Each structure stands twice: as C-alpha cells, then as structure tokens.
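Shown next, in structure tokens, is the structure this report addresses.
FYI, it's all coordinate maths here, none of it is from the lab. Computed from a predicted model, the values in this text were never measured in an experiment. Glycine also receives a Cβ, built like all others from the backbone with ideal geometry; neighbour counts cover every protein chain displayed.
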Amino acid sequence: MPLLRPLLILLLAAIVAGCGFQLRGTQGGNLPYKTMFIALPETADVRIWLERYIRATGGTEIVGTTQQAEASFQQLGDSRQKTILSVNAQGRVREYRLQLSYSFRVVNGKGQEIVSPNQISLSRDITYDDSSVLAKDLEEGLLWRDMNNDLVNQIMRRLSLIKPKNPDQLEDDL
C-alpha cells in the first residue's frame, strides 16, 4: 500500500505529460521575430504588459528603435467606454458596461505590413450601488485591469499564431 500511492502519482504525471497538457500561459507563446520594437509610450499599460509577456517567453528581444527591430508593434486604436446598461425604477443606474476596443498591426523596418490590422473587443458588465461608491470604483478599476490582462493575452496569442507575411514576396508577385 505505501508503494501504491507514489506509483499512482507517477503514473498520473506521465499521463498528463504524455497528452500534451500545458498550463495556460506557459511556452507556446514564442513569437516568430528575433527582435521587436513596441511603438507605445513607456508608461502605457499595454506596453508594460506586452514587454513582460515577451520577456517571459524568452525568444524575442525588445529593442529601443525601429531600425534595430525585425518587427514593430503599432497600436492603431484604443477605445474604452463606460455606458449605462440598466436603470432602476427611480432612474438611478443599476449596471454599467465597460467596453474596450483595441486594434494593432506589425510592420517591418521598412514600414511594410507583416501582420495586417487586428481588432480585439472586450466587454464586462458591472453592477452599481449608490451606497457603496468607493467599493464599486475599486471593482471597476479591477475589471479594467483584468480587461488589459486579457487584451495582452489575446495579442500575444495572435502574434504567436499568425504567420507573418513576407512583403517582399508580395511585391515580386505583382
């Protein structure tokens, strides 16, 4: 009986490893670029999170200029809205919808597009109560942060899955 437990644990570990199971966010995020420039302000949340994720994958180096970069990440649009979703009988707000719409593309050193524009849209609903304004403000801030994290996860997945097109080949084919 004492040998059975470690044997079962070892067998379970072998089965899980053999089926290709991988924790979300580990490996699999390798980008097809050796160097990348992120054309966003140093303090932009998206840039900070993107740099963290790219450095964590270890395959791509973040560089300081477009001339040094094989690929440049460019933000095309970033829209964040807070709209009223529902009101109560007295006309007071009961729910809000937080909406985030983000678009980006990746270009090479010559400014040629290697990943065409991508659009990501996220939304979250939040209840509101006049009696707990501070708590609801804190909850809203946490939801925006969660949406930023989800946004960067989706950007990383798209950058690692989308095969970059070769702009030089496109020009030769025309």
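Details
- Listed values [x] 1.13; [y] 1.24; [z] 1.00, entry calculated as Rg/Rh (Cα atoms, Kirkwood Rh): [x]
- In the chain, lysine pairs closer than 24 Å at Cα, eight or more apart or cross-chain: 6
- If you plug the beta carbon distance of residue 65 and residue 146 into 1/(1 + (r/R0)^6) with R0 = 41 Å, you get a FRET efficiency near 0.80.
- Within the stretch 129-149, backbone nitrogen closer than 20 Å to the virtual label 7 Å beyond the Cα of residue 44 toward Cβ: 144-149
- Computed from the C-beta positions of residue 90 and residue 118 and an R0 of 41 Å, the FRET efficiency is 0.45 to the nearest 0.05.
- Contour minus Cα-Cα distance for residue 138 and residue 9 (0.36 nm per residue): 42.2 nm
- Taking Cβ atoms as reference points and 14 Å as the exclusive limit, the residues near residue 58 contribute a net charge of +1, counting Lys and Arg as +1 and Asp and Glu as -1.
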